1. What Kirkwood hydrodynamic radius do you get for the chain when you take the inverse of the mean 1/r over all pairs of distinct Cα atoms, in Å?
2. Whole-Hz Karplus ³J(HN,Hα) for region 34-49, in order, using 6.51 cos²θ - 1.76 cosθ + 1.60 and θ = phi - 60°, x for Gly and Pro?
3. Which entries in LYS24/LYS361; LYS76/LYS198; LYS295/LYS361; LYS53/LYS217 show an alpha-carbon gap greater than 28 Å?
4. Which is the longest part of the chain that has none of the GluC sites (Glu not before Pro) sitting in a DSSP loop with at most 15 other Cβ atoms within 10 Å?
5. So which lysines can LYS214 reach, going by Cα to Cα under 20 Å and dropping same-chain residues fewer than 8 places off?
6. What angle do you read, to the nearest 10 degrees and between 0 and 90, between the alpha-carbon axis of helix 160-171 and the longest principal axis of the chain?
7. How far apart, in nm, are two points set 7 Å out from the Cα along the Cα-to-Cβ line at ALA111 and at ASP230?
8. If you split all Cα-Cα distances of region 78-160 into 5 Å bins from zero, what percentages do you get per bin, shortest first?
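The values are calculated or read from the model by the stated rules, or taken from the named source; none is laboratory data. All figures in this text were calculated on a predicted structure; none of them were measured in a lab. With ideal geometry, Cβ positions are generated from the backbone for all residues, glycine too; neighbour counts draw on all protein chains shown. Accessible surface is based on the protein model in full, side chains and every heavy atom, while ligands, DNA and RNA are left aside. Shrake-Rupley method; radii C 1.70, N 1.55, O 1.52, S 1.80 Å.
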Amino acid sequence: MKAVIYNGPRDVSVGNVDDARIEKPTDVVVRITTTNICGSDLHMYEGRTSFEKGSVFGHENLGVVVEVGAGVDRVKKGDRVCLPFNVACGFCENCEKGLTGYCLTCNPGTAGAAYGFAGMGPYLGGQAELLRVPYADFNCLVLPDDAEAKEDDYVMLSDIFPTGWHATELSGLMPGESVAIYGAGPVGLMAAHSAMIKGASRVFVVDSHDDRLKLAKSLGAIPIDMRKSDPVEQILAQTDGLGTDRGCECVGFQCCDRHGHETNNYTMNCLVGSTKATGGIGVVGVFVPEDPNSKDELEKQGKMAFDFGSFWFKGQQIRTGQCNVKAYNRRLMNLIHTGRAEPSKIISHRLTLEEAPNAFKHFNARDDGWTKIVLKPAA
């Protein structure tokens, strides 16, 4: 089968790998019809993780079931399904609690597994023609009758829509509260979309790219252009000097300061500054235990110079971690089905699988207009 293969830093190609196949009775094989390039793929693309050469990208996947293992009861051949990026068993202690992002079964020795991601187990990604799905009865979200018509919306249930929602949940956002979201990439935009659906009074979105800020405004958010001045000061000026009730970090360890210099503590310290006393902060941007290719000595060790004094003095709370997609995806699916949510609004490019290498290049460069890319392997 054809797949997007990592050859080394900033070098991907489309080549042939062994077909995905049933390996255990609880597996299914899905023919991928839509798969996305995620912002977190770029950390691996740039060589800032332990992603191995020859590995296949792709953890945002949707397709049609074409083969079913003998132990699968619920999922049927021909079902159109969306796959959470988390690979989870459904029966370990964490999965029983709904913490499927921290499954104790699927990646022995650690907590959490995912398709096509560094350190998250042996699972190939779905930027390919076929994908093996373990524990399929648990992991497959079978989509409703409008699945094909709304495919570009439903594919966002694999990661960025639940992850954006998760950011607001981690922050503690309640209806009527204000929130500042740092990062207007796909996850940040989905956090803004989620906050609007949940009834936030005001949603500020901080970024430095015109196209992304324009999208944030189209979703009903207040854009904060960090190139113009300190984003904390801009937010304080619009909140009577108090800051927002909640804050969301949707960038991760490769964030940049307002002058475009990579500074891994910038968004976190800004959030402390722009969130009011006793407010909550949710962090879904990827931070890693080590980054050996960083130029910063602390960042190499997965550490940062965090403004803990102000954080403590303001009595704030921080919750972090990757999204447990299964905790949200069925309810978010219903929002799409009834027209309450339309996450496909942020898509800028619909491309074939063969166009993936060029798409990675443009998306990684943050070129104007490249806001969210979906790939169509069957095209």
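1. Values: mean 1/r = 0.0482 Å⁻¹.
Computed over Cα pairs of the chain, the Kirkwood hydrodynamic radius comes out at 20.7 Å.
2. My calculation for region 34-49 gives 9, 9, 10, 8, 9, x, 6, 4, 5, 4, 6, 4, 7, x, 9, 9 Hz in order.
3. Numbers: LYS24/LYS361 36 Å; LYS76/LYS198 34 Å; LYS295/LYS361 22 Å; LYS53/LYS217 39 Å.
Pairs exceeding 28 Å: LYS24/LYS361; LYS76/LYS198; LYS53/LYS217.
4. Numbers: sites that count: GLU23, GLU46, GLU52, GLU148, GLU290.
The segment 149-289 is the longest one with no such site.
5. LYS228, LYS345, LYS372
6. Helix 160-171 sits roughly 40 degrees off the main axis of the chain.
7. 3.7
8. The calculated distribution, bin by bin, is 3, 16, 24, 25, 17, 10, 5, 1, 0.
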